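See structure below.
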Amino acid sequence: MIPAISLAMIVRNEAKYLTACLNSVHRLVDEIVIVDTGSTDRTVEIAKQFSDRIFSFPWKGDFSAARNYALDQCNGDWILSLDADEQLAENSGDLHGVIIQHPEYEAFFLPLHNQRTPSAGDYDRCAVLRLFRNTPFYRYSGIIHEQVVLAKPEAVGTAPGPVIIHQLVLPRERNSKRGRNLALLKKALADQPENCFLQYYLGVEWMGLGQFSKALPYFQQTRRRLPEEHLLFRAPAVRHTITCLSALNRWQDACCVCREEILRYPAYTDLFFDYGVVLLIMGDYRASLEYFQKALDSGCPSAVFSHTNGTDSFLALYHAGECHEKLGQFQNAQILYQQALTANPDFVYPLCNLFFLGLAAEGASRSFNRFRSVGCLENKQWRSILAQLFFISGYAELALSCLEGDEYLPEGDSDLSLVRCLVYCGRGEQALAVLNKLKKAAMELSAAGHTYQFIAQLFAGQYREAKNTALSLWRQAENRSAAWALLSLISRCSGGEYYRGVEKFRETEAARVLLNVAANCLRAGSGRDGAMFRRLAAEALDLVSGMSPAGARLTVEFWRKQGNDVEELMNIQYLPARSLYV
């Protein structure tokens, strides 16, 4: 007999996420029960599109009370519990199949992937108890970060799927709930001061707010007081301890924790990786390589361990490549960076390292040809990144070569790399044609888009059109500083009257626009239109220096930042141990 499954949810003002959640699961369950705790948006309206089992429950500051009320309304043999900002990953497992294939279990831990970035492969994995029999023995406990009470731990299994995806939540939205969570956790801990789980979650909240010194004691207590076999909480507490110590620059202490815990959990891949990262930052590259190799050899850890995707593959390969690069073993580094890209094409950090290694070893043209020969230009995302890298390094023509052949779709001007390259390669007419596509599609150009249009018109001798472009910016109150900069530039270039007397509060933004124009012109200055670009750069720099006594300071700060940006790209590091999703 096929068991009936009820989906049980509590919601409040979740209109932003609820449709996607229910679309992912409504065909996989037999009943949907949704309890609203006081929504003021379209949450209830959306819920009614999927079910008529919608209930209200007054919020009492107790998550378990609301969840248990939802469980009481369920008619199915089994219950699946989800939050509104979660979804079931498509084709990741069959709920009914899991239950039927394992009649010895009354509940199951399911894998949950916490998305760290929009990239599908960038997530942390943990196991959560979300599928259980509909009996009074399985009920929630705790006013916050509530957990299902396990009546018979031996009757709980771990299923490989379905996978629950926790959607990426913007920091502002996530942090807005942390104050509420901290207040509830402190209240609960006052009643249960020895509760390790409450201490763990207090650490999570403080770490999420960047308060590592406040989070650390809670994780340390969780480590000390929970037994080794309590992996669901103790394992992430170990990694969070390493995160906090690293954030506080207590590297030796982080090393001690890594060594101690590796002895306890010799198969825990992520500990090898974390230790490798700590050693890398400390400059012990050979020892770091050893632990990255151990992470690669260990493979993906058991589902009961919290796990950052890639510590057993592309992340370890990338940082091992960085170690070889630091040791001057550039060929080995290039091999490992390429392997990391192959293992996860969406993990693009190695591309930056490969670019600068190639630039130093064989020059820009040969490096471009190598990227093309190994197929890097066939990947649209990689093409865009390589174009940016070639452009900021002063090779505008090669940057354009990365992008040429793309079918440009006018979906917006958030990425104007192609336009920028066309403008600063002296192909203003083509740049204007692309911008016209945007305008015909009723897209509003940003200040950057207006600036590129202005430069293209200026170089084409279309002074009236260029002035109109600048004036259209002036009509946007938030862009008047940029408009002043462009109007001043066209006056200088066309022999007109100089726009003097910019308001003090506009100086910084106006200077930034002019300095960006100058920087881009100097990057393009070696091409066929080099003299023209150099002249425009000189005019822009002269305008900034004559703006006020602060002009020189703004110029120095700008060029320092440009240098720092390039240096950061050359030394880019991806350190998941420092940024675990919480």
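The values are calculated or read from the model by the stated rules, or taken from the named source; none is laboratory data. The structure presented is a predicted model; accordingly, all values stated were derived computationally and were not measured. Here the Cβ positions follow ideal geometry from the backbone for every residue, glycine too, while neighbour counts run over all protein chains shown. What goes into the accessible areas is simple: the full protein's heavy atoms, side chains included, and nothing from ligands, DNA or RNA. Shrake-Rupley method; radii C 1.70, N 1.55, O 1.52, S 1.80 Å.
Of everything in region 536-553 that's without any contact (Cβ under 8 Å) to a residue 24 or more places away in the chain and open to solvent by 40 Å² or more (accessible area, probe 1.4 Å), which residue is farthest from residue 491 (Cα to Cα)?
Within region 536-553, the subset without any contact (Cβ under 8 Å) to a residue 24 or more places away in the chain is 537-538, 545-546, 549, 552-553.
If we keep only those that are open to solvent by 40 Å² or more (accessible area, probe 1.4 Å) as well, we get 538, 545-546, 549, 552-553.
Details: 538: 14, 545: 16, 546: 15, 549: 22, 552: 21, 553: 24 Å.
It comes out as 553.
Could you list, ordered by first residue, the pairs with Cβ atoms under 6 Å in which the first is in region 12-36 and in contact (Cβ under 8 Å) with a residue 12 or more places away in the chain and hydroxyl-bearing (Ser, Thr, Tyr) and the second is outside any strand (DSSP E or B) and surrounded by 18 or more Cβ atoms within 10 Å (Cβ to Cβ), at least 6 apart or interchain?
17/84; 17/85; 19/46
Return yes or no: is residue 426 part of a loop (DSSP other than H, G, I, E, B), within 19 Å of residue 493 (Cα to Cα) and in contact (Cβ under 8 Å) with a residue 40 or more places away in the chain? Explain how you work it out, then say what you get.
Details: part of a loop (DSSP other than H, G, I, E, B): yes; within 19 Å of residue 493 (Cα to Cα): yes; in contact (Cβ under 8 Å) with a residue 40 or more places away in the chain: yes.
Judged against the criteria, residue 426 is a match.
Test of understanding: among 95, 112, 82, which residue is under 30 Å from residue 341 (Cβ atoms) and among the aliphatic types (A, V, I, L, M)? Walk me through how you get there before you give the answer.
On the way: 95 fails: under 30 Å from residue 341 (Cβ atoms); 82 fails: under 30 Å from residue 341 (Cβ atoms).
It is 112.
Could you check how many residues of region 221-254 are without any contact (Cβ under 8 Å) to a residue 60 or more places away in the chain and in contact with a helix residue (DSSP H, G or I) (Cβ under 6 Å, 6 or more places away or on another chain)?
Narrowing region 221-254 to residues without any contact (Cβ under 8 Å) to a residue 60 or more places away in the chain: 221-230, 233-234, 237-238, 241, 244-245, 248-254.
Filter again for in contact with a helix residue (DSSP H, G or I) (Cβ under 6 Å, 6 or more places away or on another chain), leaving 221-223, 225-226, 228, 233, 237-238, 241, 244-245, 248, 251, 253-254.
Of the residues in that region, 16 qualify.
Which one is farthest from residue 508 (Cα to Cα), of the residues in region 462-481 that are open to solvent by 50 Å² or more (accessible area, probe 1.4 Å) and in contact (Cβ under 8 Å) with a residue 12 or more places away in the chain? Step through it out loud before you land on a result.
In the first step, residues of region 462-481 are kept if they are open to solvent by 50 Å² or more (accessible area, probe 1.4 Å); the result is 462-465, 467-468, 471, 474-475, 477-478, 480.
Those still in the list that are in contact (Cβ under 8 Å) with a residue 12 or more places away in the chain too: 463, 467, 471, 474, 480.
Working: 463: 25, 467: 22, 471: 20, 474: 16, 480: 12 Å.
It comes out as 463.
Looking at (1) more than 25 Å from residue 119 (Cα to Cα); (2) of a type in the set (Phe, Trp, Tyr); (3) in contact (Cβ under 8 Å) with a residue 40 or more places away in the chain, find the lone condition where residue 318 falls short.
(1)
Return the pair list, or none, for Cβ contacts closer than 7 Å from residues in region 63-75 that are within 20 Å of residue 187 (Cβ to Cβ) and of a type outside the set (A, V, I, L, M, F, W, C) to residues that are crowded, with 20+ Cβ neighbours inside 10 Å and at pLDDT 95 or above, at least 6 apart or on different chains.
67/10
Please specify each residue of region 117-135 satisfying the condition of being crowded, with 18+ Cβ neighbours inside 10 Å, more than 14 Å from residue 89 (Cα to Cα) and under 11 Å from the mean Cα position of the chain (by Cα).
Result: 122, single match.
Return the residues of region 225-256 that are assigned to a helix (DSSP H, G or I), open to solvent by 60 Å² or more (accessible area, probe 1.4 Å), of a type in the set (D, E, K, R) and at pLDDT 95 or above; say none if nothing qualifies.
253
So residue 340 fits all but one of (1) within 23 Å of residue 251 (Cβ to Cβ); (2) touching a Pro at 6+ places or on another chain (Cβ under 6 Å); what number is the exception?
Condition (1) is where residue 340 drops out.
I'd like to check something: does region 56-69 contain any residue that is surrounded by fewer than 16 Cβ atoms within 10 Å (Cβ to Cβ), farther than 27 Å from residue 97 by Cα and touching a strand residue (DSSP E or B) at 6+ places or on another chain (Cβ under 8 Å)? So that I can check it myself, show each step before the final result.
Initial filter on region 56-69 (surrounded by fewer than 16 Cβ atoms within 10 Å (Cβ to Cβ)): 56, 58-61.
Filter once more, keeping what is farther than 27 Å from residue 97 by Cα: 56, 58-61.
Applying the additional criterion that residues be touching a strand residue (DSSP E or B) at 6+ places or on another chain (Cβ under 8 Å) yields 56.
Yes, there is a match, as at least one residue in region 56-69 is surrounded by fewer than 16 Cβ atoms within 10 Å (Cβ to Cβ), farther than 27 Å from residue 97 by Cα and touching a strand residue (DSSP E or B) at 6+ places or on another chain (Cβ under 8 Å).
Taking region 262-299 only, how many residues are more than 26 Å from residue 329 (Cα to Cα) and in contact (Cβ under 8 Å) with a residue 24 or more places away in the chain?
Step one: of region 262-299, the residues more than 26 Å from residue 329 (Cα to Cα) are 262-268.
After this cut, where a residue has to be in contact (Cβ under 8 Å) with a residue 24 or more places away in the chain as well, the list is 264-265, 267-268.
Of the residues in region 262-299, 4 are more than 26 Å from residue 329 (Cα to Cα) and in contact (Cβ under 8 Å) with a residue 24 or more places away in the chain.
Among the residues of region 102-110, is any open to solvent by 20 Å² or more (accessible area, probe 1.4 Å) and either among the basic types (Lys, Arg) or touching a Pro at 6+ places or on another chain (Cβ under 6 Å) (or both)?
At the first step, the residues of region 102-110 found to be open to solvent by 20 Å² or more (accessible area, probe 1.4 Å) are 102-106, 109.
Going one step further and asking which of them are either among the basic types (Lys, Arg) or touching a Pro at 6+ places or on another chain (Cβ under 6 Å) (or both), we end up with none.
Within region 102-110, none of the residues are open to solvent by 20 Å² or more (accessible area, probe 1.4 Å) and either among the basic types (Lys, Arg) or touching a Pro at 6+ places or on another chain (Cβ under 6 Å) (or both).
Tell me which of these residue 52 doesn't satisfy, since it passes every other one: (1) charged (D, E, K, R); (2) farther than 16 Å from residue 133 by Cβ; (3) surrounded by 14 or more Cβ atoms within 10 Å (Cβ to Cβ).
(3)
Any residue that is in contact with a strand residue (DSSP E or B) (Cβ under 6 Å, 6 or more places away or on another chain) and assigned to a loop (DSSP other than H, G, I, E, B) - is there at least one of those in region 120-132?
Step one: list which residues in region 120-132 are in contact with a strand residue (DSSP E or B) (Cβ under 6 Å, 6 or more places away or on another chain), which gives 123-132.
Next, only the ones that are assigned to a loop (DSSP other than H, G, I, E, B) stay: none.
No, region 120-132 has no match at all.
Testing residue 323 on (1) hydrophobic (A, V, I, L, M, F, W, C); (2) under 17 Å from residue 242 (Cβ atoms); (3) open to solvent by less than 10 Å² (accessible area, probe 1.4 Å), one condition comes back false. Which one is that?
If we test residue 323 against (1) hydrophobic (A, V, I, L, M, F, W, C); (2) under 17 Å from residue 242 (Cβ atoms); (3) open to solvent by less than 10 Å² (accessible area, probe 1.4 Å), just (2) comes out false.
Only residues that are modelled with pLDDT of 95 or more and either over 25 Å from the mean Cα position of the chain (by Cα) or not in a helix (DSSP H, G or I) (or both): list them for region 261-275, please.
Taking region 261-275 and keeping what is modelled with pLDDT of 95 or more, we get 261-266, 268-275.
Result: 261, 262, 263, 264, 265, 266, 268.
Residue by residue through region 181-196, note down the ones that are open to solvent by less than 70 Å² (accessible area, probe 1.4 Å) and hydrophobic (A, V, I, L, M, F, W, C). Talk me through it step by step, then tell me what you get.
To start, the set of residues in region 181-196 that are open to solvent by less than 70 Å² (accessible area, probe 1.4 Å) comprises 181-185, 188-189, 195-196.
Passing the criteria: 182, 183, 184, 185, 188, 189, 196.
How many residues are buried (at least 20 other Cβ atoms within 10 Å of the Cβ) and either modelled with pLDDT under 95 or within 25 Å of residue 177 (Cα to Cα) (or both) when one looks only at region 1-36? Quick ask: steps written out before the conclusion?
Filtering region 1-36 for residues buried (at least 20 other Cβ atoms within 10 Å of the Cβ) gives 5-11, 14, 18, 21-22, 25, 29, 32-36.
Applying the additional criterion that residues be either modelled with pLDDT under 95 or within 25 Å of residue 177 (Cα to Cα) (or both) yields 7-11, 14, 18, 21-22, 33-36.
Residues flagged as buried (at least 20 other Cβ atoms within 10 Å of the Cβ) and either modelled with pLDDT under 95 or within 25 Å of residue 177 (Cα to Cα) (or both) within region 1-36 amount to 13.
Restricting to region 350-369, what's the tally of residues that are surrounded by fewer than 19 Cβ atoms within 10 Å (Cβ to Cβ), closer than 23 Å to residue 319 by Cβ and either hydroxyl-bearing (Ser, Thr, Tyr) or touching a Gly at 6+ places or on another chain (Cβ under 9 Å) (or both)?
Number of matching residues: 0.
Can you tell me which of (1) touching a residue at least 60 places away in the same chain (Cβ under 8 Å); (2) within 33 Å of the chain's Cα centre (by Cα) is the one residue 459 doesn't meet?
(2)
Please note which helices (runs of 4 or more DSSP H) are completely contained in region 284-397 and include at least 1 residues that are at pLDDT 95 or above and among the charged types (D, E, K, R).
Values: elements: 285-298, 314-326, 330-343, 349-373, 380-392.
Where helices (runs of 4 or more DSSP H) fall fully within region 284-397 and carry at least 1 residues being at pLDDT 95 or above and among the charged types (D, E, K, R), they are 285-298, 314-326, 349-373.
Return the pair list, or none, for Cβ contacts closer than 8 Å from residues in region 114-134 that are more than 28 Å from residue 99 (Cβ to Cβ) and among the hydroxyl-bearing types (Ser, Thr, Tyr) to residues that are open to solvent by 30 Å² or more (accessible area, probe 1.4 Å) and assigned to a loop (DSSP other than H, G, I, E, B), at least 6 apart or on different chains.
That search, which allows pairs on different chains as well, returns 117/168; 119/346.
Please find, within region 147-180, the residue that is surrounded by the most Cβ atoms within 10 Å (Cβ to Cβ) out of those that are closer than 17 Å to residue 14 by Cα and in contact with a His (Cβ under 7 Å, 6 or more places away or on another chain).
Taking the candidates together, the pick is 165.
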